Amino acid sequence: MRRIAIALAMSVSVLLLLAACKSGIERKAEKQLKATLLELAKNPETFDISKVETRYCCDSLCILHCMTKGQNGFGGYSSSYIEYIYLIDKDKRYECVTDLEDESSVFTAYGDPENLSEDKADRLYLSSVIRCVLDGREVPKR
């Protein structure tokens, strides 16, 4: 019994440590992702966000992918695979939500985000800025 308690305590400690490893911008991006998607949902009570995955993160840009499910305008249920771009520029924050079933990911031209060269990372950043300007919005201050 004591071994189980020790193993459980160690597991909880490891999970807390892993959760603390997220960067500040990553935590802000996840929080804003949820707020924005709930704001855009037709019926927030039925809306669910799952499988949130950080695809790229640096000091001023965080790109997340996730699955969403919820009730649509016709009363049926639908799901989407979403790309969320969160960008900080000076004292302003920008975001862009893209349904990856309708449009291509910002990564399409750059390959695996885990192994980006510095040049490709710079181009990814610029592509993300352009997408936020054209298709996104400034994050409203709350």
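If you model the range 36-142 as an ellipsoid using its alpha carbon gyration tensor, with each semi-axis the square root of five times an eigenvalue, the axes come out at 26, 16, 11 Å, biggest first. Accessible area per residue for the range 63-108, computed on protein heavy atoms with a 1.4 Å probe, is 51 Å².
Compute the Cα gyration tensor for the range 83-142, then decide on rounded, prolate or oblate, letting a ≥ b ≥ c be the square roots of its eigenvalues: rounded whenever a/c is under 1.5, prolate when a/b is larger than b/c in the other cases, and oblate in all that remain. It would help to have the intermediate numbers written out before the result.
On the way: a/c = 2.46, a/b = 1.38, b/c = 1.78.
Since a/c reaches 1.5 but b/c is at least a/b, the shape of the range 83-142 is classed as oblate.
The H on the amide N of residue 100, modeled in the peptide plane, is under 5 Å from the matching H of 81, 82, 83, each at least 5 residues off or on a different chain.
For the residue pairs 28/141; 69/141; 34/69; 42/141; 28/92, the C-alpha atoms sit more than 18 angstrom apart in 69/141; 42/141. For the range 102-117 versus the range 80-99, the inter-centroid distance based on Cα atoms is 15 Å. Here the relative contact order of the range 30-76, from alpha carbon pairs under 8 Å that lie six or more residues apart, stands at 36 percent.
The values are calculated or read from the model by the stated rules, or taken from the named source; none is laboratory data. Remember, it's a predicted structure, so these values are computed and weren't measured experimentally. Please note that ligands, DNA and RNA were not included when accessible areas were found on the heavy atoms of the full protein model with its side chains. Shrake-Rupley method; radii C 1.70, N 1.55, O 1.52, S 1.80 Å.
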